[in-house]
């Protein structure tokens, strides 16, 4: 039996990974899945994480736990974002090693790359320039997570891997009107405009920045794929000090185009305007996903289908997610 700990199993990505693993278990794989809520285990508490790892002694760890948010949240709570994420990564990765865990997958973010990175962004753009100021603290923490994994691999011979997803969306997303990412924020804003009979929806920023979006179910599949790669294949396609792998679709869309797509899905037929006084952030963030494609994996859920799937989930769960 293989014991697998999913850190952050209630988050959007962690819950998607858990669903995939539960499906594999139901199909006959001999898996023992371990989870803990934040109330049961505070991952920023070093002693608590040490005791948990020593008592559970998992074979594999998925590190999907993180403090996340959009531009507003990152700008408002920079100390929280860098501290919480650094502590989570340090505690989980080190205590996993101390408990004898040799296989771990850490999930990061595309914001690790410099603001002025050539597009699409390749893995080797890491640490080559200045980060986007609006989310620099979070990005620094995520870069530290990559380097933690690489350092333990080099010094201790572990097999700790990192995947860097583009902007994720899907079931389980955060739809808070201020602290969410752009896509769920748009879904909620357009839905509420339809409910209120509004004739206009204003989006933050100019609407010109382009973003890439990956459905969380695709991300879960990619995570299992990367962790399941044999060490020879993984080593042949990465480098010891450049071991992270981009995960995305390889295509992007302007925020105004995205707003128009969301309007269609939600049934909004009014005007869409922009507020140029709000921050745009990086003008373009597109991932180069050729490294992962060369190893045999590509995203399969198109944005149109993914948006409808996400809106359907929002409609079914809006009473529990509204705050």
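The values are calculated or read from the model by the stated rules, or taken from the named source; none is laboratory data. Everything numeric in this text was worked out from a predicted model, so none of it was measured. Cβ: placed from backbone, ideal geometry, glycine included. Neighbour counts: every protein chain shown.
If you check residue 54 against the conditions, is it farther than 30 Å from residue 184 by Cα, surrounded by fewer than 21 Cβ atoms within 10 Å (Cβ to Cβ), more than 19 Å from the chain's Cα centre (by Cα) and touching a residue at least 24 places away in the same chain (Cβ under 8 Å)? Yes, satisfied. What about residue 222, is it in contact (Cβ under 8 Å) with a residue 60 or more places away in the chain, under 18 Å from residue 181 (Cα atoms) and assigned to a helix (DSSP H, G or I)? For residue 222, the condition - in contact (Cβ under 8 Å) with a residue 60 or more places away in the chain, under 18 Å from residue 181 (Cα atoms) and assigned to a helix (DSSP H, G or I) - is not met. Kindly check whether there is at least one residue in the stretch 87-97 that is within 25 Å of residue 183 (Cα to Cα) and either surrounded by 18 or more Cβ atoms within 10 Å (Cβ to Cβ) or modelled with pLDDT under 95 (or both). No, because not a single residue in the stretch 87-97 is within 25 Å of residue 183 (Cα to Cα) and either surrounded by 18 or more Cβ atoms within 10 Å (Cβ to Cβ) or modelled with pLDDT under 95 (or both). Scanning the stretch 119-152 for residues that are without any contact (Cβ under 8 Å) to a residue 24 or more places away in the chain and within 18 Å of residue 245 (Cβ to Cβ) turns up 125, 127, 128, 147, 151.
Consider the stretch 188-198 and keep the residues that are surrounded by 18 or more Cβ atoms within 10 Å (Cβ to Cβ) and in contact (Cβ under 8 Å) with a residue 24 or more places away in the chain. The one that is farthest from the chain's Cα centre (by Cα) is 193.
Within the stretch 233-251, the only residue that satisfies the criterion of being over 25 Å from residue 74 (Cα atoms), assigned to a strand (DSSP E or B) and in contact (Cβ under 8 Å) with a residue 24 or more places away in the chain is 242. Can you find even one residue in the stretch 177-187 that is in contact with a strand residue (DSSP E or B) (Cβ under 6 Å, 6 or more places away or on another chain) and either within 30 Å of residue 302 (Cβ to Cβ) or without any contact (Cβ under 8 Å) to a residue 40 or more places away in the chain (or both)? Scanning the stretch 177-187, I find at least one residue that is in contact with a strand residue (DSSP E or B) (Cβ under 6 Å, 6 or more places away or on another chain) and either within 30 Å of residue 302 (Cβ to Cβ) or without any contact (Cβ under 8 Å) to a residue 40 or more places away in the chain (or both), so the answer is yes. Based on what the data block shows, is residue 156 closer than 26 Å to residue 87 by Cα, touching a helix residue (DSSP H, G or I) at 6+ places or on another chain (Cβ under 9 Å) and surrounded by fewer than 20 Cβ atoms within 10 Å (Cβ to Cβ)? Yes; evaluated as a whole, the condition is true for this residue.
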